[in-house]
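Here is the structure we will look at, set down as structure tokens.
None of the figures in this text is laboratory data; all of them are computed from the coordinates on show. Keep in mind the model is a prediction, meaning the values are calculated, not measured. FYI the Cβ positions are ideal-geometry reconstructions off the backbone, even for glycines, and counts take in every protein chain you see.
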Amino acid sequence: MPLALLALAVAAFGIGTTEFVMMGLLPNVADDLGVSVPTAGHLVSAYALGVVVGAPLLAAVGVRVPRRRMLIALMGLFTLGNLASALAPDYGTLLAGRVLSGLPHGAFFGVGAVVAARLVREGRQARAVATMFLGLTVANIVGVPLGTALGQQLGWRATFLVVTAIGLAAMGALATLVPHLPLERRGGGVSRELRREIRALGDRQVLLGLLTAVFGFAGVFALYSYLASMVTEVTGLTEASVTVVLALFGVGMTLGALAAGPLTDRAPRPTLYGALGALALVLVAFRFTVHVPWAALATVVVIGAVGFMTTTPLQMLVMEKARHAPTLAAASNHSAFNLANAGGAWAGGTAIAAGWGWTSPTLVGAALAAVGLAIAVVAGALDGRGGRGASVRRSRVVARGVGARDGVGVG
């Protein structure tokens, strides 16, 4: 494994920690800043808003910036946002800090995926991208629980100071370990390059991939957003057990990321179909297993695994279809995932508010996953390609697309 992938994973660990740790710190932040918990909850939405806006915007701004320099700059912006959050004197400033922290999220993973795929030989691109995403999943096992515990003991500002330090360490690792990846000088300058990126983003298969992410991954967050309430209200676990439950979900995410890499390298569309179909089924199953503690915990791991197995094939398929200019499309994929986060949480919450019960988000999530699967199947049928032969062609095309055709070559 190239050490550059480790640098990308460290950065992903910091991003994943700051994205999800706020959920566990909301009561502490609310008490300290004198706002209600629902008002403090807007800090979660503020980060997601930053991701949705920043992913395509920053990716477009950086179309002619060398990859390593772009990654370092994005991580610098992320670090600045977390430092601003740690030092925020009031709620409004913290809200702005959260938006600033979220702005580079999608662009970093978009550029990072392009770089990761370029660093390895043909046939291992998906595994390289999945390795970067491992940092995100490990954050849910280690970073979020430890960050929450640190914030509860020393104050929430200490958590964001630690994330700031992780950001600085990631910048150093990126500068040291990621090789120079110069851009090929193609005619037309920045405006022509940006038009290439926008045209690639408008490809029908790219748009269907983004739509699949919005609906399919929304199924995960329809459940995840209310998982703590489900296991305390329905399963009967104590509030102290919630951290363990969330960590188990993170374990599942990590297992899913490990499995998704090699499976996607062999057959991306079947991997995506299988993950979305399994997600719909296991969400329905959780409606019943949630009443039995050991079964509920086991199902949580499976949900995390099959849910996160969707991310790598979606990322690789979008990059393939936008192979002539993949950066904007790859970054926009993370905007789609964050729209899924917000939309899934809204849909699950609406079901609970309608009086359908604490377990109703399981069926809402299953329905969303089924819609995502239907869109993915339609995209596959329109594409007219599948199986191992397509996988071999995809590996070769992606390697060329993020290399010579995208103007990237190891220098």
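Working note: Cα atoms of segment 3-401, range along each principal axis, descending, whole Å: 59, 46, 33. The Ala240 and Leu168 beta-carbon pair, evaluated with R₀ = 41 Å, returns a calculated FRET efficiency of approximately 0.80. Taking 0.36 nm per residue of sequence separation and removing the Cα-Cα distance, the Ala354/Leu80 pair yields an extension gain of 94.6 nm. Descending by average beta-carbon neighbour count within 10 Å, the peptides 303-316, 264-277 line up as 303-316, 264-277, the highest first. Exposed loop sites here are GluC sites (Glu not before Pro) assigned a DSSP state other than H, G, I, E or B and surrounded by at most 16 other beta carbons within 10 Å; excluding them, the longest clear run of the chain is 185-411.
In the elastic network of the chain, a GNM with C-alpha springs shorter than 10 Å, the most mobile of Val214, Val51, Val284 is Val284.
One compactness figure for segment 63-111 is 1.25, namely its Cα radius of gyration divided by 2.2 N^0.38 Å.
With the simple model of a label 7 Å out from the Cα in the direction of the Cβ, Val61 to Val284 spans 4.6 nm.
Straightening the chain between Ala247 and Leu382 buys 44.7 nm, computed as 0.36 nm per residue apart minus the Cα-Cα spacing. The GNM of the chain, with springs linking C-alpha atoms under 10 angstrom apart, assigns the highest mean-square fluctuation among Ala11, Ala86, Ala113 to Ala86.
With K and R counted +1 and D and E -1, the other residues having a Cβ less than 12 Å from that of Gly112 yield a net charge of +3. Among residues other than Leu74 with Cβ under 13 Å from its Cβ, the summed charge is +3 (Lys and Arg +1, Asp and Glu -1).
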